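Below is one structure, written out as structure tokens, with a few remarks after it.
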Amino acid sequence: AAECESYFNSDKLGEAVVPFYASHGTIEEYGGTILKEFHQAYPEIRVQTTECTDLDADDAVLSDECEIALTVGPLPEGRFSSARIFSTDYVLLISSSDPLAVHSSVSIDDLKGLPLVVMKTGVRTFSCLQDICRKHGFEPEIHTFADNILLVYYLATQDGTYGVSTQALFNRLNPPGLTAVKIEDPDFGWHIYAIRKKNGDLTAPSELLWKALTGKKESRNTRPKS
């Protein structure tokens, strides 16, 4: 306790603090490794990370709660300078005993009438899904809006209920009893963006973090071919 008190009363409080917002999943899929490397390279800069929804990450930048954030697209047009840094496919989570599990992919039209479990509406998955289903002439049937992704996976193990997740997360979790079938559509994918205010200047510490986040080429994590 004495060491903790000494630390927080020391001159370390004079170090640069960079508020940083990251929407759900972006740290696990991309940002975590970058933040670790950044801390090793710049120990005098403390990145204060807040995990939030996609929309909250956008709002944090626009309201000056932070200068940069990681969020999931599609982004509001004309409001941010951005860099797309990671992509993966959306997949339909299916109980391995379900007849649909034998397919390698499904189309948007195949989702019509399926009871779907998706993340809550502050996450862009639902709005993207709704938009693309409407282009195909129907409304998605939502069984459950989940507050956490593990509930999506749990409910997808039940016969007759289907989850919407990403290939990258499915690969990491490798859940028993579930099959991930790619939702085949070029306009429906999960993309991580680093964002900052349009034409806004960054402080020097934030500029260093921005360069770290955007310095690697975009990667795409998809299921390896069997």
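Observations on the model:
- If only residues of segment 32-68 that are open to solvent by 50 Å² or more (accessible area, probe 1.4 Å) and within 16 Å of the chain's Cα centre (by Cα) are counted, the one that is farthest from Arg124 (Cα to Cα) is Thr33.
- Count of segment 102-118 residues which are open to solvent by 20 Å² or more (accessible area, probe 1.4 Å) and not charged (D, E, K, R): 8
- Listed conditions (1) free of Cβ contacts under 8 Å to residues at least 24 places away in the same chain; (2) farther than 27 Å from Gly31 by Cα; (3) of a type in the set (Phe, Trp, Tyr) are all met by Tyr162, apart from (1).
- Scanning segment 119-134 for residues that are charged (D, E, K, R) and touching a residue at least 12 places away in the same chain (Cβ under 8 Å), we see that the one that is surrounded by the most Cβ atoms within 10 Å (Cβ to Cβ) is Arg124.
- For Ser82, the criteria (1) among the small types (Gly, Ala, Ser); (2) at pLDDT 95 or above; (3) farther than 17 Å from Trp190 by Cβ hold in every case but one, which is (3).
- Boolean, Thr88 is within 12 Å of the chain's Cα centre (by Cα) and either touching a residue at least 60 places away in the same chain (Cβ under 8 Å) or outside any strand (DSSP E or B) (or both): yes
- Filter result (in contact with a helix residue (DSSP H, G or I) (Cβ under 9 Å, 6 or more places away or on another chain), assigned to a helix (DSSP H, G or I) and open to solvent by 30 Å² or more (accessible area, probe 1.4 Å)) within segment 138-171: Ile149, Leu150
- Any hit, segment 69-84, residues being in a strand (DSSP E or B) and open to solvent by 40 Å² or more (accessible area, probe 1.4 Å): yes
- For segment 29-59, the set of residues classified as part of a strand (DSSP E or B), of a type outside the set (S, T, N, Q) and free of Cβ contacts under 8 Å to residues at least 40 places away in the same chain consists of Arg46, Glu51, Cys52, listed by residue number.
- Hits in segment 64-106 - residues which are among the β-branched types (Val, Ile, Thr) and farther than 30 Å from Leu35 by Cβ: Ile94, Val102, Val106
The values are calculated or read from the model by the stated rules, or taken from the named source; none is laboratory data. A quick note: this is a predicted structure, and the numbers were derived from the prediction, not measured. We place every Cβ from the backbone using ideal geometry, glycine too, and count neighbours over all the protein chains shown. Quick note on the areas: whole protein, heavy atoms, side chains included, nothing else; ligands and nucleic acids left out. Shrake-Rupley method; radii C 1.70, N 1.55, O 1.52, S 1.80 Å.
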